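J.: There's a structure below that I have some questions on.
The values are calculated or read from the model by the stated rules, or taken from the named source; none is laboratory data. Quantities reported herein were computed from a predicted structural model and do not represent experimental measurements. SASA here: full protein model, heavy atoms, side chains in, ligands and nucleic acids out. Shrake-Rupley method; radii C 1.70, N 1.55, O 1.52, S 1.80 Å.
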Amino acid sequence: MSTSNQHGELRLTSECSLLPVKDEIQRPVADVWRPVFRSIVRALARDELQLIGEIDSVEPISDDLAAHIRGSIDAYGATLIELPDQTWESSCTMWRGGGSWEVLVDLWTAEEGRSDLCLHVDVHETDPGFRFKVHLVYTP
């Protein structure tokens, strides 16, 4: 549900559910995708990258990509943790056309809270639903 304030600005209320939007504006991560991202990051935080492909609707990652992701996390030098609710305040998505969105999820560490690490995933529209492809974990 949404409401407008006295200035005509649209405000989201707690009953509003964010859905994927097909436009070229940077937007918050859709609510329907958030459980998948939480599962991906849980696997990253537990260093169980081989389990990413077992998450429903997530493509398996190659051994090379797993090694690259591990290397990025290790080089960062902090302990990755599961996503808190605050991550959705800064994470974003953008429609790329051709049935896909680019999603950047800010990662959190035990030592510093929101870190400079970012999870980059492409989300592809399928029938029915969505397919997730992990690209990188990196520091922009």
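J.: Taking only DSSP H segments of four or more residues, each worth -39500 (n - 2.57), what value at 222 nm results for the chain once the sum is divided by all its residues, to the nearest 500 deg cm²/dmol? List each step's numbers first, then the result.
T.: Values: 2 runs with 26 residues, N = 140.
Calculated at 222 nm, the ellipticity per residue is -6000 deg cm²/dmol.
J.: Using a probe radius of 1.4 Å on heavy atoms only, what accessible surface per residue do you get for the chain? Whole Å² is fine. Intermediate results must be reported in sequence, preceding the final value.
T.: Working: 7990 Å² over 140 residues.
For the chain, the solvent-accessible area averages 57 Å² per residue.
J.: Collect residues whose amide H, placed 1.01 Å from N in the peptide plane, falls under 5 Å from the amide H of residue 58; neighbours closer than 5 in sequence don't count.
T.: It is 132, by chain and number.
J.: Computing the accessible area with a 1.4 Å probe over protein heavy atoms, can you report the carbon and sulfur percentage for the chain? Don't skip to the end; give the middle numbers.
T.: On the way: 3820 of 7990 Å².
Of all accessible area on the chain, carbon and sulfur atoms account for 48 percent.
J.: Could you give the Stokes-Einstein D for the chain in µm² per second, using the C-alpha Kirkwood radius, 10 °C, 1.306 mPa s?
T.: Working: Rh = 15.9 Å.
Using the Kirkwood radius from Cα pairs, D works out to 100 µm²/s.
J.: Tell me which residues come under 5 Å, amide H to amide H, from residue 108 once H is placed; ignore anything under 5 positions away on its chain.
T.: The list, which skips near neighbours in sequence, is 81, 115.
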